[in-house]
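> This is the structure I want to talk about, given as structure tokens.
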Number of protein chains: 2
Amino acid sequence: MSNSDRPISQHDVARLAGVSQAAVSRTFTDGASVSPETRRQVLEAAEALGYRPNAIARSLIKHSTKIIGIVLVRFGNPFYWYVFREFTRRLQERGYWTLLLNAAQDQQVEETLPMALQYQVDGVIVTSATLSSKMADEAARAGTPVVLFNRYELDTTANAVCCDNVGGGRLVADALLDAGHVWPAYIAGEEGSSTNRDRERGFTERLAERGHTLALREAALEYTYPAGYAAANRLLRSENRPDAIFCASDLIAMGALDCARDLGINVPEQLSIVGYDDIEMAGWPPYSLTTVRQPADRLVETSIEVLLNAIENPGQEPVIEWIPVDLVRRNSARL
Amino acid sequence: MSNSDRPISQHDVARLAGVSQAAVSRTFTDGASVSPETRRQVLEAAEALGYRPNAIARSLIKHSTKIIGIVLVRFGNPFYWYVFREFTRRLQERGYWTLLLNAAQDQQVEETLPMALQYQVDGVIVTSATLSSKMADEAARAGTPVVLFNRYELDTTANAVCCDNVGGGRLVADALLDAGHVWPAYIAGEEGSSTNRDRERGFTERLAERGHTLALREAALEYTYPAGYAAANRLLRSENRPDAIFCASDLIAMGALDCARDLGINVPEQLSIVGYDDIEMAGWPPYSLTTVRQPADRLVETSIEVLLNAIENPGQEPVIEWIPVDLVRRNSARL
DNA sequence: TGACTCGTTGTATACGTATGCAATGAATAC
DNA sequence: GTATTCATTGCATACGTATACAACGAGTCA
């Protein structure tokens, strides 16, 4: 069509409507003072020219982009798919958009977070990764609130919303012991992560409190199905095969379950398997996984509330919110 | 710490370094002319103040945000999760960031796309949704290229990168007939979608060419596991049970497979099941799904190339790229 | 009629950065 | 010695919008 190379600005609209640029700005700003008549003329001219306000220019003045940065580290876990969908959906409902920062490695958070800050995001949510104190300082200096999702860091200035992973581990220990298991094993996920550490700690702690010990331990190293399969394979071929396996995530547990089947081990009669997360697939009939449910909706909602609160009330002390978990009893464990 | 409320700007850095604001800008602009000495002073001052360039202000001048909008409609399908991860990862490698637009319903694309344009994104990728001609016009007027992912629209001005869904349907028909199946059924996904329509068309067309007809048809309506289970349930309880089912997606096929098992039907001896997408789970042992592989990497790579090409060379004719598919033979079908 | 309020409008400026232009100075060539 | 080139620098302006401020006109009240 008739494409002048410069996009339409408020000046163009103002010229056509015979008013000042300020009048145009006011008709597109809620609560500004414009007479119905000018408003009509402006809207008419805007419609004729196909004008759309420039959110970038507006952001520059208002010192607010209405954009939230989300740092996602491990894209693999389906639990985080759901979480991510809910984040974007609920943020949009509240007038915020989402800039995604995909950090393949934990280490890359150090590079991506500064980029988010350069884009002047109003806030950042960091999922499944921690923040170095250097990064936390930088965000604080920029005045950009950060919420850690399902991680916590006691010594930094970041907010956090976190499941009680220690409590989750204890839940499983109690349930397994109550049902008479005596030779429990643990398959770890990523060794460095606080979620993995806390789940294992809660599990072994509670076992110890009740006079038992962790019989065996394997590391899947990743939160994936094949890694879970491989770890279970090592575990189940050992001399003293465990009578129960607690897995650091559902994907690991599903791999372990299939491995047990392939080895001809009956689940749950000969072996109980318990997962963690309660992803959608955990409920599918061929798995029917007993697992610790992390209430994703509540986690997300709380994170958003903490973040928006920090945005609207700058200079507050960082907050750590704990979200309780519960055990979903299905058919992969004899409980 | 010592927080002056305004963030640090190039003026602050310039004052401390004893140079002009322009000199600061130049040290942060590749290829600009600055002496090593001033550069050093500027970087020193910037470091001391914790200065970071403001990407929003830069975007305003350069008429380029280095942000790509991605419109995602149905978050459910794991295939799109992989696709989304690859998009963000590869775009980041090329210096682009990703603004996510989550449209729960198809219809909401009409509302979200204009928002992306207001944020001056350099381009838009629309996955699993079509574009009204009104929206296409608006994007064209804004000079923002759009690439439809796995959809095509012959009459609009949008680019498209698309799998040969008709060809995929034909592949399956040939494979099933070659193996001696005589009573094939189809489980449809979302009725309106072009992917669903084309897959079914290719399947039935090829059946007809070889003197067969589609025996039965059911609609899952959604691309989900439970919907696939329910549709298969209706299909397999009917009088003339099919000897093969072609499903519009892998998730539907996995639901159908579990339904067949629950009904005591042997797969693949009594019933062949074929899916579409080749998501990661399709390869897991308990499913081992025979399916049509959509080469996600190639789809994504091509989409990015088409989009970046359109960004760098404005005013080009829209392009439609076709990507071939192939059949992955596993154990859910007797082929 | 004059003083006052109040809603509307335009002017001017600011947000933080990039860049065209002219000025400066050093280095080179004759 | 002068003329010329060239890299570097600061000044000024532009990007598109929001808003403080003052000006204006209409209306109200005394």
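Laboratory data are not the source of any read-out in this text; all were calculated from the coordinates shown. Fair warning: this is a prediction, and the values are worked out from it, not measured in the lab. A quick note on method: Cβ atoms are made from the backbone with ideal geometry, for glycine too, and the neighbour counts reach across all protein chains shown.
> Compute the label-point distances linking B:Pro114 to its equivalents in the other copies; points lie 7 Å from Cα along Cα→Cβ; give nm, one decimal, shortest first.
Between copies, matching label points for B:Pro114 lie 3.9 nm apart.
> Next question, about the same structure. Residues of B:226-232, mean number of Cβ from any other protein chain within 10 Å of their own Cβ, rounded to a whole number? Display every interim value, and only then the final one.
Working: counts 3, 0, 0, 2, 0, 0, 0.
Taking all residues of B:226-232 together, the mean is 1.
> Here's another thing I want to ask about it. If you project the alpha carbons of segment B:165-294 onto their three principal axes, what span does each projection cover, largest first, in Å?
Result, largest extent first: 34, 28, 25 Å.
> Sorted by packing (mean other beta-carbon atoms within 10 Å per residue), highest first, where do B:247-259, A:71-83, A:36-48, A:15-27 land? Could the numbers behind the result be given before it?
Values: B:247-259: 29.0, A:71-83: 21.8, A:36-48: 15.4, A:15-27: 17.8.
Top of the packing list down: B:247-259, A:71-83, A:15-27, A:36-48.
> Per-residue mean of other chain beta-carbon atoms within 10 angstrom of the beta-carbon, peptide B:92-105? Don't skip to the answer; put the middle values down first.
Values: counts 9, 2, 0, 1, 0, 10, 5, 6, 11, 4, 12, 2, 4, 0.
The mean count of partner-chain Cβ atoms within 10 Å per residue comes to 5.
> Given the C-alpha atoms of segment B:234-335, compute the convex hull and give its volume per residue in Å³. Let's see the in-between values first.
On the way: hull volume 12.0 nm³, N = 102.
Taking the convex hull of the Cα positions in segment B:234-335, it is 118 Å³ per residue.
> Any lysines with Cα under 20 Å of the B:Lys66 Cα? List them, leaving off those in the same chain fewer than 8 positions away.
The qualifying lysines are A:Lys66.
> Moving to a separate point now. In Å and whole numbers, how far do the C-alpha atoms of segment A:10-53 stretch along each principal axis, longest first?
Here the Cα extents, ordered largest to smallest, are 24, 18, 14 Å.
> Compactness ratio of segment B:99-171: Cα Rg over 2.2 N^0.38 Å, N = residue count?
Numbers: Rg = 12.8 Å, N = 73, 2.2 N^0.38 = 11.2 Å.
Rounded to two decimals, the normalised Rg is 1.14.
> What list of ³J(HN,Hα) values in whole Hz, one per residue of segment A:215-230 in order, does the Karplus curve 6.51 cos²θ - 1.76 cosθ + 1.60 (θ = phi - 60°) give from phi, with Gly and Pro shown as x?
After applying 6.51 cos²θ - 1.76 cosθ + 1.60, I find 6, 9, 8, 10, 10, 7, 6, 10, 8, 10, 5, x, 5, x, 4, 5 Hz.
> I've got another one for you. How far apart are the B:Asn240 label points across copies, placing each 7 Å from Cα toward Cβ, in nm, shortest first?
From this label point to the equivalent ones elsewhere in the assembly: 6.3 nm.
> Pull up the cross-link candidates among the aspartates and glutamates for A:Lys134, meaning alpha carbon to alpha carbon under 15 Å and not fewer than 8 places away within one chain.
Within reach: A:Asp106, A:Glu110, A:Glu111, A:Glu153, A:Asp155, B:Glu47.
> Debye calculation, C-alpha points only, no solvent: report log10 I(q)/I(0) for chain A at q = 0.15 Å⁻¹, in the same order as the q values.
Normalising to I(0) and taking log10 leaves -1.13.
> Which aspartates and glutamates have a Cα lying under 13 Å from the Cα of A:Lys62, excluding residues fewer than 8 positions away in the same chain?
A:Asp122
> If the label for B:Asp178 sits 7 angstrom from Cα along the Cα-to-Cβ line, what are its distances to the same label in every other copy, in nm to one decimal, shortest first?
Computed spacing set for this position: 5.6 nm.
> Here is a further query. Report, in debye and to the nearest 20, how large the dipole of the protein assembly as shown comes out about its Cα centre when Lys and Arg carry +1 and Asp and Glu carry -1 on their Cβ. Can you show the working numbers first?
Numbers: 66 positive and 86 negative charges, 118 e Å.
In total the dipole reaches around 560 debye.
> What percent of all Cα-Cα pairs in the protein assembly as shown falls into each 20 Å bin, going from 0 up to the bin containing the maximum distance?
Taking every Cα pair in the protein assembly as shown, the percentages come to 17, 44, 32, 8, 0.
> So what is the 222 nm mean residue ellipticity for chain A from helices alone, if each DSSP H run of at least 4 adds -39500 (n - 2.57) and you divide by all residues, rounding to the nearest 500 deg cm²/dmol? Please report the intermediate quantities before stating the final value.
Numbers: 12 runs with 144 residues, N = 335.
Estimated from H runs of four or more residues: -13500 deg cm²/dmol.
> Now a separate question. Just counting partner chain Cβ atoms within 10 Å, what average do the residues of peptide A:81-89 show around their Cβ?
Details: counts 7, 2, 0, 5, 7, 2, 2, 5, 4.
Per residue, the number of nearby Cβ atoms from other chains is 4 on average.
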